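Enquirer: Attaching a single structure in structure tokens format; questions to follow.
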Amino acid sequence: MRLELQDIEDGPLKKELYCSPAEFPVLREMEKRHEARFYDPLVFQLRVQKSGQIVEIDGQLTATVELFCGRCLQLYEQRISGAFSLTFTPHPDAEEILDSHEGDEVELETDELGLVYYQDDFIELLHPLQDQLVMALPINPLCSEDCSGLCPNCGANLNHETCDCAKEPFNNKFSALARIKFNSSEN
């Protein structure tokens, strides 16, 4: 997945990419570990513009992924989408690196600035787009907002069945306050 710099010399470029999850190593690894399974196609809509040697990409991604619910552990499909912005800059030469270490100045790394290096006359999009896909995944995947989860005693999926386990009240450290009786005396 390369973007040739000569293609964006004449102004902004709009590009739509349809990718397979098999093209992304991290997504293949996630599927191998049964963490997530992405479905074809992964769609990236990109708007690319160049200013000097800086290349900026504003994009939108959409994908369908199969995840395990964080409450009931059932597989479910979820459509994910997200907007992102990437800024690419040429990889500095060795002389530029040496010049930047003169004096007592602190140099920020490209990761801290949100920049991605490119070399030669093209930009490799594989890893930046892969990162955007992974960051678009939900932190706590839920099959639905009202998912009841699993019974903590017998493990029954409470979305599909009921169990006969005794429901113990939540051990709240403030529950003792509920038993305090206050005398209300009016003067």
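Coordinate-derived values only; no laboratory data. Please read all numbers here as calculations on a predicted model, not as lab measurements. With ideal geometry, Cβ positions are generated from the backbone for all residues, glycine too; neighbour counts draw on all protein chains shown.
Enquirer: Along the positive direction of the dipole of the range 144-184 (beta-carbon charges: Lys, Arg +1; Asp, Glu -1; about the Cα centre), which of Asn172, Gly155, Asn183 reaches farthest?
Expert: Positive-most Cα among the choices belongs to Asn183.
Enquirer: Sticking with this structure for a sec: Among Ile80, Ile139, which comes first, second and so on when ranked by fewest other beta-carbon atoms within 10 Å?
Expert: Details: Ile80 18, Ile139 5.
Neighbour counts put them in this order, fewest first: Ile139, Ile80.
Enquirer: Order by neighbour count: Lys14, Lys181, fewest other Cβ atoms within 10 Å first, most last. Intermediate results must be reported in sequence, preceding the final value.
Expert: On the way: Lys14 8, Lys181 5.
In order of increasing Cβ crowding within 10 Å: Lys181, Lys14.
Enquirer: Additional query: In a shell of Cβ-Cβ distance under 11 Å around Gln45, excluding Gln45 itself, what net charge do Lys and Arg (+1) and Asp and Glu (-1) give? Kindly include the intermediate steps, with their values, before the conclusion.
Expert: On the way: positive: Lys14, Lys15, Arg47; negative: Glu16, Asp58.
Neighbour charge sum, excluding Gln45 itself: +1.
Enquirer: For a bin width of 5 Å, list the pair-distance distribution of the range 1-93 built from all Cα-Cα distances, rounded to whole %.
Expert: 3, 11, 18, 19, 16, 12, 10, 6, 3, 2, 0
Enquirer: Run through every distinct alpha carbon pair of the range 1-52 and return the Kirkwood hydrodynamic radius in angstroms, one decimal place. Please report the intermediate quantities before stating the final value.
Expert: Working: mean 1/r = 0.0772 Å⁻¹.
Here the Kirkwood hydrodynamic radius works out to 13.0 Å.
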